[in-house]
Amino acid sequence: MSDKIIVHDPRGFPPLVTGKRLAPRLESLDGKIIHLVDCLFDNSEVFMDQMQQWFAENMPGVTTRIIKPRESWKDDPEMRKRIEVEADGAILGVGL
């Protein structure tokens, strides 16, 4: 990982960012619960609905649940805890 990270934030000011390694990849999604996180961007709800339909048609062994943070652009510790407790993984959708 590079020592220097550049972050572009559309709110107009850059947040402090600390680089972290990604979570280990699951060997398979079959039989897993995946939370599809609607990040409240424009059209992200439509995108998450389409992704849920794709999983139902193409990977029926995967259970998906669409969840949303309480506010856009704000960390939601309760949502993160819910993902940690209930799901095997999460996909964040930011809209189209």
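Where nothing but the Cβ of Lys and Arg (+1) and of Asp and Glu (-1) is charged, how large is the charge dipole of the chain around its Cα centre, in debye to the nearest 20? Don't jump to the answer; show the numbers that get you there.
Working: 13 positive and 16 negative charges, 73 e Å.
In total the dipole reaches around 340 debye.
Contact order normalised by length for the chain, with contacts defined as Cα pairs under 8 Å and 6 or more residues apart; what percent is it?
On the way: 124 pairs, mean separation 34.9, N = 96.
Here the relative contact order equals 36 percent.
Under the rule of at least 5 residues apart or a separate chain, name every residue whose amide H is placed under 5 Å from the amide H of residue 67.
Placed amide hydrogens put 36, 37, 38 under 5 Å from residue 67.
Measure nothing fancy, just the Cα-based angle from helix 44-58's long axis to the longest principal axis of the chain, in degrees from 0 to 90, nearest 10.
40 degrees
Near the amide H of residue 62, under 5 Å away, which other amide H atoms are found, from residues 5 or more places off or on another chain, if H is placed in the peptide plane?
When sequence neighbours closer than 5 places are left aside, the close amide H contacts are 31.
Only helical DSSP H runs with n ≥ 4 go in: add -39500 (n - 2.57) per run for the chain, normalise by residue count and round the 222 nm mean residue ellipticity to 500 deg cm²/dmol.
Numbers: 2 runs with 25 residues, N = 96.
Value at 222 nm, helices only: -8000 deg cm²/dmol.
Sorting 8, 35 on the 10 Å Cβ count, fewest up front, what's the list?
Values: 8 5, 35 21.
With the fewest neighbours first, 8, 35 line up as 8, 35.
Relative to the longest principal axis of the C-alpha atoms of the chain, give the angle of the C-alpha long axis of helix 77-86, reported between 0 and 90° and rounded to the nearest 10°.
Tilt relative to the chain: about 30 degrees.
Determine the gain in length on full extension of the stretch residue 32-residue 70; use 0.36 nm per residue of separation and subtract their C-alpha separation, reporting nm with one decimal. Before the final figure, lay out the partial values.
Working: separation 38, 0.36 × 38 = 13.68 nm, distance 2.48 nm.
Length gained, residue 32 through residue 70: 11.2 nm.
May I have the count of lysine pairs in the stretch 1-84 with C-alpha atoms under 25 Å apart, counting pairs 8 or more residues apart or located on different chains?
Lysine pair count for the stretch 1-84: 9.
For a quick check: sort 94, 7, 62, 37 by the number of other beta carbons within 10 angstrom, fewest at the front. Display every interim value, and only then the final one.
Values: 94 13, 7 8, 62 18, 37 23.
Listed from fewest to most nearby Cβ atoms, that is 7, 94, 62, 37.
Pulled fully out, how much extra length does the chain show between residue 6 and residue 86, if you take 0.36 nm times their separation in residues and subtract their Cα-Cα distance?
On the way: separation 80, 0.36 × 80 = 28.80 nm, distance 3.27 nm.
Stretched out fully, the residue 6 to residue 86 stretch lengthens by 25.5 nm.
Enumerate the amide H contacts of residue 90 below 5 Å, restricted to partners 5 or more residues apart or on another chain; note that Pro and chain-start residues carry no placed amide H.
Residues meeting the criterion, in which the H sits 1.01 Å from N, are 35.
Values quoted throughout were computed directly from the atomic coordinates according to the rules given, and no laboratory measurement underlies them. In this text, all values refer to a predicted model and were calculated from it rather than measured experimentally. Neighbour counts run over all protein chains shown; Cβ positions are idealised from the backbone, glycine included.
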